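The values are calculated or read from the model by the stated rules, or taken from the named source; none is laboratory data. Note that the structure is a prediction, hence the values are computed from the model and not measured. Because the Cβ atoms are built from the backbone with ideal geometry, glycine has one as well, and the counts that use them run over all protein chains shown. The area values use the complete protein model at the heavy-atom level, side chains included, leaving out ligands, DNA and RNA. Shrake-Rupley method; radii C 1.70, N 1.55, O 1.52, S 1.80 Å.
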Amino acid sequence: MTDDIAALRTRLRSGTLPEALLRSGREVVLRCGDKNLTRDQLRGDAERVAGGLHGLGITAEDRVAIYAANSLEWVIAYLGVQRVGACAVMMNPDYHSAEAEHIFHDSEPAAVVADRPRAAIAAKLGLRVISLEELPKGAVPPKPSLTPDSPAAILYTSGTTGRPKGAVLDHGNFLAQGRGALEVWRWTSRDVLVHALPLFHLHGLGMGLHGTLLGGGSATLVPFTPEAVVAELTRDDAERGTMFFGVPSMYHRLCDWLDENPTDLSHVRVFVCGSAPLPPALFERCARLLGQPPIERYGITEGGIVVTNPYDGPRQPGRVGHPFPGVEVRLGELDEVLLRGGQVFSGYWRNPQATAEAFTPDGFFLTGDVGEIGEDGTLAIRGRIKELIITGGFNVYPREVELVLEAHPAVQEVAVAGVPSDKWGEEVTAYVVPSPSARLVESELIAFAQERLASYKCPKRVITLDRLPRNAMGKVQRSLLTK
Ligand code: AMP
C-alpha cells in the first residue's frame, strides 16, 4: 500500500459518527409524512435518548438492537445509541421470530428498541424491550470515549446462502463510506434524497442516512411506491427531491408506472442503483423514462459501497465502474473480487474462523463475487462464486446466461440456477417472468440462447413464474427457486 493511499484512508476514516454527523447544512434534515425534524431537533432528541439509555445502564460496552420499520423515531433511536457509544444491531423488520432469535442470540443485545408490531416478538424471546414510540429520555450523558476503530453497528449478511453472519462496522468504516459517497456523487447540502430503502441495510444506512447527515443535505423517508417517489421528486417547494437511491426491482416498478404516467424527471440530479445487477434493458428504459440512466454501483455489507459508475462521463450498462476513493479492487482466484480500504470491515462478530477465512494474508476481503476488470479499469460483476453451476463438468455463471435471456422480448425478468440432475450434475434452468406483451415459448427461448451461447451454458429447461422470489433488497433468493 502506498503512503498516499494510507494517508487518504486515515483522513476518510477520521472521527466518529456522533462528532461528524449533523455538523452543518440545511435546517430541515429529515422528513417523513407530515412530520419534519431540523438539525437542532434531531441532535437534541438523539442526545436526550442517549441520556435515557444511559439512565437504563446502557454503556459503550453494550449492543442495542433496533427492530422497527423506517421512521423518524428509528433515526432518533439509532443516533441515540451512537451518542451513548453503544453498538447498534441492525434488524430487518420483516424478520419473524426464528430469524430474529438467531440475531438476538448471536449479538446478545442489552436491549431491543422495537416498534409496536415487533415488541411482542422481542419480549417473547425474553429480551429487554424499549418502546420506539416512547423512547426513554434523560439528561445529556457524558461523551463516550470512541475512536474510528470503535464498533458502530453490526449488520447481518443477507443470508441468501446460509445463516446470517454479523459484520461489525466501525465508525471509521461508516465515515469513509459516507465521505466517499459525497465525493463520487457530488452530494451537497443542496440535495434532498428521496429515501425509500430500508434503514437497517447498508445502502439505506451507510449511504442514504449517513451521507445525508454528513453532507448537510436532507432526506425524505417514504415507503416505496412509484407514486410516492415521483410525488417527492416533483414537489414545487424547497423539499423537492434531487436524488433517489433504489434497487433494480424498484426501478422496474418506477418505469412501469412512468410508462402509464409520463412525468418529466429531467431536473433530478442523480439516480443511484445497486444491490443486485441492473439489466441493460432496464438501464436503457430508465435512460428514456427518467431522463438519465441510473448510476449503477456495487457494494457488499462487509465492504460498504465501494465501486461506482461515474457522475460525469459515460455510465456503462452491465458494468459497475471504478473504485471509491481509497478503495483497492483486484481479482483473485476464480476471478473473485477482492477489496481493501478504509470502508472495509475488519471482522465478523464473535466468529474468528469466518473472519480468518474472509481475508487474504495481505488484508484483502474476499467478496465471494466473480468479477471482470476491463481495459478501462471498470469492474463488471458476473455473479456469486457459490451460484456457479457445474454442468457436465463445465462451469456456468448464471449472470452470463441471464444477460442473454434478458435480451429476448418475451422475457421481463429471469434468474438462472442449477437444478441437481443425475445426467449433468446440475442442469442449467431458467426461471422466467414473461413480459405481458409477448408470448413465451420454451423451445424458442432455448433456441435464442443457443444462437448466442456455448451449448453447455444454455438452459435445459425454462420454468415460468409470476414473479421471482426476492429479499428486502430486491436480491433473487436462488435457494428458493430450486427447492
Ligand atoms: P449485501 O451484502 O446484502 O449488500 O449484498 C451484496 C451482494 O449484492 C454483492 O456481493 C453482490 O453479489 C450483489 N451486488 C451488489 N451490488 C451489485 C451490482 N451492482 N451488480 C451485481 N451484484 C451486486
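Laid out as a table, the results:
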{"read-out": "Over 24 Å between alpha carbons, listed pairs LYS124/LYS483; LYS165/LYS386; LYS124/LYS386; LYS457/LYS483; LYS386/LYS475", "value": "LYS124/LYS483; LYS124/LYS386"}
{"read-out": "Projected label distance in nm at LEU465 and GLU400, using a 7 Å step from Cα toward the beta-carbon", "value": "2.3 nm"}
{"read-out": "Selection from ASN471, THR429, ILE446 lying farthest towards where the dipole of the stretch 388-481 points positive, charges on Cβ", "value": "ASN471"}
{"read-out": "DSSP-defined beta bridges in the stretch 21-159 - what % are antiparallel, rounded to 5", "value": "25 percent"}
{"read-out": "Pairwise centroid distance, computed over Cα atoms, of the stretch 47-106 with the stretch 350-420, Å", "value": "33 Å"}
{"read-out": "MRE, 222 nm, helices only [DSSP H, n ≥ 4, -39500 (n - 2.57), over the chain, to nearest 500]", "value": "-9000 deg cm²/dmol"}
{"read-out": "Rounded if a/c under 1.5, otherwise prolate or oblate - the stretch 27-119, Cα gyration tensor axes", "value": "oblate"}
{"read-out": "Modelled FRET efficiency - R0 51 Å, ARG163 with ARG452, Cβ distances, 0.05 increments", "value": "0.85"}
{"read-out": "Long-range HN-HN contacts of SER421 with modeled amide H, under 5 Å", "value": "GLU426, GLU427"}
{"read-out": "The stretch 285-400: translational diffusion in µm²/s, Stokes-Einstein, Kirkwood Rh over Cα pairs, 10 °C, 1.306 mPa s", "value": "103 µm²/s"}
{"read-out": "Antiparallel bridge percentage (DSSP; both residues within the stretch 3-381; nearest 5)", "value": "50 percent"}
{"read-out": "Two-decimal Rg/Rh across the chain, once Rg and the Kirkwood Rh are taken from alpha-carbon atoms", "value": "0.96"}
{"read-out": "Extension gain, LEU331 back to GLU134 (0.36 nm per residue minus Cα-Cα distance, nm)", "value": "66.0 nm"}
{"read-out": "Neighbour net charge for ILE373 - beta-carbon separation under 14 angstrom, K R +1, D E -1", "value": "-4"}
{"read-out": "Dipole magnitude (debye, nearest 20) for the stretch 388-481, charges at Cβ of Lys, Arg, Asp, Glu", "value": "180 debye"}
{"read-out": "Surface accessible to a 1.4 Å probe, GLU99 within the full protein complex, Å²", "value": "80 Å²"}
{"read-out": "Percent carbon-and-sulfur accessible area, the stretch 388-481, ignoring ligands, DNA and RNA, probe 1.4 Å", "value": "50 percent"}
{"read-out": "Cα-based shape type of the stretch 388-481, given that a ≥ b ≥ c are square roots of the gyration tensor eigenvalues and the cut on a/c is 1.5", "value": "oblate"}
{"read-out": "Cα centroid separation, the stretch 310-338 to the stretch 433-483 (Å)", "value": "27 Å"}
{"read-out": "Student exercise, the chain dipole from Lys, Arg, Asp, Glu Cβ charges, in Debye to nearest 20", "value": "560 debye"}
{"read-out": "Reachable lysines, given that their alpha-carbon falls under 25 Å from the alpha-carbon of LYS35 and they are not under 8 places away in the same chain", "value": "LYS137"}
{"read-out": "Among VAL28, SER275, SER97 the positive-end extreme of the charge dipole of the stretch 3-381 (Cβ point charges)", "value": "VAL28"}
{"read-out": "Rounded Å value of the spacing that divides the Cα centres of the stretch 1-37 and the stretch 182-229", "value": "13 Å"}
{"read-out": "For the stretch 3-381, with +1 on Lys and Arg beta carbons and -1 on Asp and Glu, the positive-most of THR59, THR234, ILE295 along the dipole", "value": "THR59"}
{"read-out": "For the chain, accessible area per residue (1.4 Å probe, heavy atoms of protein chains only), Å²", "value": "42 Å²"}
{"read-out": "Prolate/oblate/rounded call for the stretch 186-283, Cα gyration tensor, a/c under 1.5 rounded", "value": "oblate"}
